[in-house]
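Structure first, commentary second.
The values are calculated or read from the model by the stated rules, or taken from the named source; none is laboratory data. Computed from a predicted structure; not experimentally measured. Glycine gets a Cβ as well: all are built from the backbone with ideal geometry, and neighbour counts include every protein chain shown. Areas reflect the complete protein model, heavy atoms only, side chains present, ligands, DNA and RNA absent. Shrake-Rupley method; radii C 1.70, N 1.55, O 1.52, S 1.80 Å.
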Amino acid sequence: MTNATETRAFQAEVKELLGLMIHSLYSHKEIFLRELISNASDALDKLRFEALTQPALHDAGDELLIRLDVDEERRRIVLADNGIGMTRAEVVENLGTIARSGTRRFLEALRAKGAQSPELIGQFGVGFYSSFMVADSITVETRKAGTQDGVRWTSRGDGEYTLEDVAGLERGTRITLELKALPADDEEAQDFADAGLLRELVRKYSDFVEWPIVMPSERLQSEGALVRRKLADGTEILELNSKKPLWMRSKDELKPEEYAQFYKHLAHDWSDPLETVHFRNEGSNEYTALLYVPSERPLDLFDPGRDKSHVSLYVRRVFVMGDCEELLPSWLRFVRGVVDSSDLPLNVSREILQQNRSLAQIRKRCTTKVLEALGALRDSRREDYERFWAAFGTVLKEGIVVDRERMEQVAGLCLFPSSKDEKAITLDEYIARAPAGQDTIYVIGGADLATVRRSPHLEALAAQGGEALCMVEPVDEWVRDMLTEYKGKKLVALERGEAQFAGEAEKQKREDAEREYRGVLEKLEQELSGSVASVRVSSRLKESPAVLVDDVDAHGIHYERMLRQTGRPVPPRKRVLELNADHPLAARLKSLVDAGDAGGKLKDWGDLLYGQALLAEGSPLPDAPRFSKLVSDLMLASSK
Ligand code: ADP
C-alpha cells in the first residue's frame, strides 16, 4: 500500500457539473438523500451477492444496514453503510470522473440550458454529486469488502479532491456532509440539519429500501410508530423505513404516489412514470414483476452499449442483477422495473440465465404485459400515448424488425405521420378511414417528413383523396423490409415500382402516351444513360414534370446514408425516371425531338429534369455546379 496523500483535480466535466449544480436554483435539493441511500442500498445488495460465493466477505453476525445520523449543531450529516465499499482506484473512477455516458449527455443539456432550467437536475438524478447542492464539503471514507485498508476522499466541490489511505476503517462506506449555512435571504430554504426532516425524507423517498435505515433513537423526539431496537454494538436505534419491497405488496393496497416514488428511486427520474405494470405469476414458475414505462426519454437512450433491458432481477427479494437483459427484449429497453423470482437459484450466472426456461417464460409474459399495457394506453389515453411514442417509438419499432412473432402486434402500436393531416395515426386507423375496397396500405419513405409530404409521388394519390403513411425514420427502412403486410393488407410503397392505384382508364391513357412519346423517352434514356435505368411515362404525377422511381425491393435514402457513414461502398442506384405526359414540358420535349434536336438541347433538359427530381426527394445533386449553370442559362434565354 502506498499510503500516499494526494490532491487530484476532478475531470474537467465533473468540475463543470459541480459548478452548475452548486449554483443551481434547483428547488428539490432534498433528492441528495435519496441518491445517497440508493447508492448505499446498491452497495449492500452487491455485498450480499458477492458473499454468496465468497462467504468470508460477510459473516452472519454482522447486520447489513444503513446508518443515518445528524449533528444539528455542527450542521453535519453522516450516512454509513457496511456494504461492498470501494478500492482507491474505484473511488477515483466513481467520484472523480463521469463514468456514465448519460451523465455526460446530461451535462451537455445542462450546459445548453444553464441555470434557467434547474429541473433538469431532478429529471436526471445526478447521483452522488448532487450532495454538493447542500454541502460545502464532503468526506467519503470507504473500505472495500475483502481488503485491509481504506481510503478517505475529501472535497469542497471546487475542482479538486484529496485522497489519503486510512487504516482501521469499518467495511463499507461512510459519507459525511458538512452542510452549507442556511441562506439568510431565503426563508423557504429547507434546513437539512434536522433529524425530523431527514426522517420525513427517508419515508418519502426510501421507505421500501430493503435494508434498515436507522438513526440513533435519541435524535428523534417523537418517533411515532417506528421500530426501536438495540444494535449488536449496543446503540439504541429507530428504524426509519418500513423495508417492505414495494413489489411484494398487493396492488390494491398501493397508492399511485407510492408506485411513482419507487419508480423514481429505481430510475433516478424526477418525473412520474407514464404507465405501471404490476403482476404476479403463480404456479410452477412463481414471480412478481413491477415494470414502468417512463414519461421522458433518457438522454442516453441511443448510446452504444445502452441497448440492454433495464430491469433488475431479484430472487426471493435478494438483488441478483441489475440491467438483466434476459428479462425483456432490447426493443423494450425503455422499460424500468424489477422481476422477483421465487424459483431461480440465488447464485445464477449469466450463462445459466441464458438457458433458463423459467426465465424465458418470464421474458415472454413480461413482454406481452408491456405490449398490452401500451395497447391500453393507446386506446384510452391518446395524449399520453403520443408522448410515449415521441419518446420511445423509435425503439419500439425495432421490435418489428427483430421479432417476427410479435411483428404485427408491435406494428399495431406504431404511430405514423399521415401524408394528409398533422396527427400521426395507427395502421388500424389508416385502414378504418381508407375508402371502401382499398386493400392496400400506401406508404411513402424519404429523407424527412416535410420533403415527403411534398413529394411528387403523392400527387396522383392525393388527387383521388387518398392518403399514405410516411416512413421517414432510419429504422423505418428495416421496418419496411419486414412488414410487407398488416392484417392481410399489403403495404405498397409509393416511391417504388409501378404506380398501383391507377384505374383502367389511367392505364389506357398511359399506354397511349407511351406510344405518343416513344421518341422522347428513347432519346432521354440515351442522354441520361449514365444516371437512370430507363425513362417511362408516369401515372403518379399531376403537377411535377418528372420523378424518380425505385425498384420494389430497393433500399432507401437512410440505408445509403448509413453505408456512407460507416465507410462501406454504396451500390450505384440507377432508377427509373418517370415523365409526366400531361405537363406542358412533355410537349416541348416532343417538339424538340421531332425537330431533330439540332441545338443539342435535349441533354441539358434531361439533366435539368433529373436534377429537379433529385431535389424534390431531398437527394444531393451529382453535379450541382452544372445544374446551377443550366438554370442560369435558362433564365438568360427566357429573359432575352
Ligand atoms: P450511480 O449510483 O448512478 O452510478 P453515483 O454518482 O451516485 O452514480 O455513484 C457512482 C458510483 O460510485 C456508483 O455507481 C458506485 O459504484 C459508487 N458508489 C457510490 N456510493 C457508493 C457506496 N455507498 N458504496 C459503494 N460504492 C458506491
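(1) of a type outside the set (A, V, I, L, M); (2) modelled with pLDDT of 95 or more; (3) surrounded by 15 or more Cβ atoms within 10 Å (Cβ to Cβ): which one isn't true of residue 205, the others all being true?
(2)
Matching residues to (1) of a type in the set (Val, Ile, Thr); (2) within 45 Å of the chain's Cα centre (by Cα); (3) more than 27 Å from residue 458 (Cα to Cα):
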position	(1), (2), (3)
516	no, no, no
532	yes, yes, no
548	no, yes, no
554	no, yes, no
577	no, yes, no
582	no, no, no
593	yes, no, yes
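Name the pairs: first residue in the range 82-93 and within 9 Å of residue 151 (Cβ to Cβ) and without any contact (Cβ under 8 Å) to a residue 60 or more places away in the chain, second residue charged (D, E, K, R) and near the ligand (Cβ under 10 Å from one of its atoms), Cβ to Cβ under 6 Å, at least 6 apart or on different chains?
Once the first residue is within 9 Å of residue 151 (Cβ to Cβ) and without any contact (Cβ under 8 Å) to a residue 60 or more places away in the chain and sits in the range 82-93, no partner that is charged (D, E, K, R) and near the ligand (Cβ under 10 Å from one of its atoms) comes close enough.
What is the one condition in (1) outside any loop (DSSP other than H, G, I, E, B); (2) open to solvent by 60 Å² or more (accessible area, probe 1.4 Å) that residue 272 does not satisfy?
(1)
For the range 606-632, what are the residues that are at pLDDT 90 or above and open to solvent by less than 40 Å² (accessible area, probe 1.4 Å)? Step through it out loud before you land on a result.
Of the range 606-632, the ones at pLDDT 90 or above are 606-615, 621, 623-632.
Matches in the range 606-632: 606, 607, 608, 609, 610, 611, 613, 614, 627, 630.
Among the candidates 254, 169, which residue alone is without any contact (Cβ under 8 Å) to a residue 40 or more places away in the chain and either touching a Gly at 6+ places or on another chain (Cβ under 8 Å) or within 16 Å of the ligand (Cβ to nearest atom) (or both)? Don't jump to the end; show me each part of the working.
Details: 254 fails: either touching a Gly at 6+ places or on another chain (Cβ under 8 Å) or within 16 Å of the ligand (Cβ to nearest atom) (or both).
Within the list 254, 169, the selection yields 169.
Filter the range 553-589 down to the residues that are buried (at least 18 other Cβ atoms within 10 Å of the Cβ), modelled with pLDDT of 90 or more and in a helix (DSSP H, G or I) and list them by number.
Scanning the range 553-589 gives 586, 589.
Need the failing condition index for residue 596 against (1) open to solvent by less than 50 Å² (accessible area, probe 1.4 Å); (2) more than 30 Å from residue 505 (Cα to Cα), just the number.
Evaluating residue 596 over (1) open to solvent by less than 50 Å² (accessible area, probe 1.4 Å); (2) more than 30 Å from residue 505 (Cα to Cα) leaves (1) as the failure.
Exactly one condition in (1) charged (D, E, K, R); (2) surrounded by fewer than 19 Cβ atoms within 10 Å (Cβ to Cβ); (3) assigned to a helix (DSSP H, G or I) is not met by residue 405; state its number.
Checking residue 405 against (1) charged (D, E, K, R); (2) surrounded by fewer than 19 Cβ atoms within 10 Å (Cβ to Cβ); (3) assigned to a helix (DSSP H, G or I), the one that fails is (3).
Among the numbered criteria (1) surrounded by 18 or more Cβ atoms within 10 Å (Cβ to Cβ); (2) part of a loop (DSSP other than H, G, I, E, B); (3) not hydroxyl-bearing (Ser, Thr, Tyr), which one does residue 388 miss?
Going through the list (1) surrounded by 18 or more Cβ atoms within 10 Å (Cβ to Cβ); (2) part of a loop (DSSP other than H, G, I, E, B); (3) not hydroxyl-bearing (Ser, Thr, Tyr), residue 388 breaks only (2).
Can you pull out the residues in the range 21-41 that are surrounded by 15 or more Cβ atoms within 10 Å (Cβ to Cβ) and away from the ligand (no atom under 15 Å from the Cβ)?
The answer is 22, 24, 26, 28, 29, 30.
From the residues in the range 81-127 that are within 11 Å of the ligand (Cβ to nearest atom) and of a type in the set (Ser, Thr, Tyr), which one is modelled with the lowest pLDDT?
Among residues in the range 81-127 that are within 11 Å of the ligand (Cβ to nearest atom) and of a type in the set (Ser, Thr, Tyr), the one modelled with the lowest pLDDT is 103.
Do the conditions hold for residue 232, that is, is it of a type in the set (Gly, Ala, Ser) and open to solvent by 20 Å² or more (accessible area, probe 1.4 Å)?
Numbers: of a type in the set (Gly, Ala, Ser): yes; open to solvent by 20 Å² or more (accessible area, probe 1.4 Å): yes.
Yes, satisfied.
Kindly indicate whether residue 12 is hydrophobic (A, V, I, L, M, F, W, C), within 16 Å of the ligand (Cβ to nearest atom) and surrounded by fewer than 14 Cβ atoms within 10 Å (Cβ to Cβ). It would help to see each step written out before you state the result.
Details: hydrophobic (A, V, I, L, M, F, W, C): yes; within 16 Å of the ligand (Cβ to nearest atom): no; surrounded by fewer than 14 Cβ atoms within 10 Å (Cβ to Cβ): yes.
The answer is no for residue 12.
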